[in-house]
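Heads up: the structure comes next, in C-alpha cells.
The values are calculated or read from the model by the stated rules, or taken from the named source; none is laboratory data. Computed from a prediction, not measured in an experiment: that's the story for all the values here. We place every Cβ from the backbone using ideal geometry, glycine too, and count neighbours over all the protein chains shown.
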Amino acid sequence: MRPITKPVFAIFFLCGLLLLLINVPTPKKVAAQQPTGSVPTVTSTPSGSYITVTYPEQINIRSGPSSYLYPAIGVLLTDETAPAVGRSPGGEWIQIRHPGIQGGLGWVYAPLVNLSPGANLPIVEPPPTPTPITTPTIDPTLAAAYLPQAVPTRLPTFTPPGILVIPTYEAQSVTATGVPMGLVIALLFLVGGFGSLISFLRGR
C-alpha cells in the first residue's frame, strides 16, 4: 500500500473543515417587541386657557401687572402662545406660564393678546412690588454748595405819619355897595352902540 502524500492529506483536511463550517447553526436574530398602544404626540398648542400674541411686535413679560412698578423679565413674539392661569383684579393684565422666565410665571398686557374662547380665569392678587437695592440720598453739604444762599436783609423801620391838619376858612360876608356890575356893563354896551351909530351916520 502506497503512503498518502502530503497534498492528498491537505485536500482531505480542507474538505473536512468545510463540512464542519456548513453544519454549524447560525444564531437567530431576536426582533424587539413593538408597542401595541398609541404613542402620544407632543404638540405646540397649550391645553386649557391660553393667550396668543396679536401685537405686530414683541411684547414684554413683566413680573407683575404694571408697566411702571414691575420690571420686564421676558418677551413673547407675534403669534406666540402661552398658557393663561389668571388675571388681575381689573382684568387689564393676564398671568401666564412661561418656562423661559424666572419662577415660570409672568404677566402680559391684555390688549396686546387674544384669550382663547371660553376661558374663565381666576383673579390673582398682584405680587409685592420689588424694592430698590439702594435708596438714593442727597448729601446736604454737596447740595448747599450748588444752591444759592439767600442773604437776609433788614427792612426799614416804618414810621407812622403825623396827624394831618386840614385848614378851615371862615366865610366872608359880601356887602353890596355902589352900582351893580351888571348895570355898568349894560351902560357901557349902550354907549358903545350909540358911538357906533354916530360913526355910521357920519360916514354916510
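Check whether at least one residue in segment 86-95 is within 18 Å of the chain's Cα centre (by Cα), charged (D, E, K, R) and on the phi < 0 side of the Ramachandran plot, and report yes or no. The answer is yes, given that some residue of segment 86-95 is within 18 Å of the chain's Cα centre (by Cα), charged (D, E, K, R) and on the phi < 0 side of the Ramachandran plot. Would you confirm whether any residue within segment 93-104 is in contact with a His (Cβ under 9 Å, 6 or more places away or on another chain) and at pLDDT 80 or above? Within segment 93-104, one or more residues are in contact with a His (Cβ under 9 Å, 6 or more places away or on another chain) and at pLDDT 80 or above.
Cβ separations smaller than 9 Å between residues 6+ apart or across chains give the following pairs from segment 104-132 residues that are without any contact (Cβ under 8 Å) to a residue 24 or more places away in the chain to residues that are of a type in the set (Phe, Trp, Tyr) and assigned to a strand (DSSP E or B): ALA110/TRP93.
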